[in-house]
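These notes concern the structure reproduced below.
Since every read-out is calculated from the coordinates, none of them should be taken as a lab result. This structure is a prediction, so every number in the text was calculated from the model and none was measured. Cβ placement follows ideal geometry from the backbone for every residue including glycine, while neighbour counts extend to all protein chains displayed.
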């Protein structure tokens, strides 16, 4: 099982969602993807994509303007 980290700090839509989808396609079953960013609407869009793609949303946390989303494929 691998942990994949994606840093999209300062990026705006659709970059965070596109990068997340790319990572999810490459990930093996059971891998954990952690994506960190600052774009507010991506914080809503990524969890919706997780659900649509049949993965498991593990955690969403926020620190200041930044957020971190963890997902298991």
Counted residues in segment 25-64 being within 15 Å of residue 15 (Cβ to Cβ) and touching a strand residue (DSSP E or B) at 6+ places or on another chain (Cβ under 6 Å) come to 6
Has segment 6-13 got at least one residue that is surrounded by 17 or more Cβ atoms within 10 Å (Cβ to Cβ) and under 14 Å from residue 60 (Cβ atoms)?
no
Just for strands (runs of 3 or more DSSP E) wholly inside the chain: which have at least 3 residues that are touching a helix residue (DSSP H, G or I) at 6+ places or on another chain (Cβ under 7 Å)?
3-8, 32-37, 66-72
Tell me whether segment 18-27 contains one or more residues that are surrounded by fewer than 16 Cβ atoms within 10 Å (Cβ to Cβ), without any contact (Cβ under 8 Å) to a residue 12 or more places away in the chain and at positive phi.
no
Within the set of pairs 6+ apart or on separate chains, which have a first residue in segment 42-70 that is without any contact (Cβ under 8 Å) to a residue 12 or more places away in the chain, a second that is outside any loop (DSSP other than H, G, I, E, B), and C-beta atoms under 6 Å apart?
59/70; 61/68
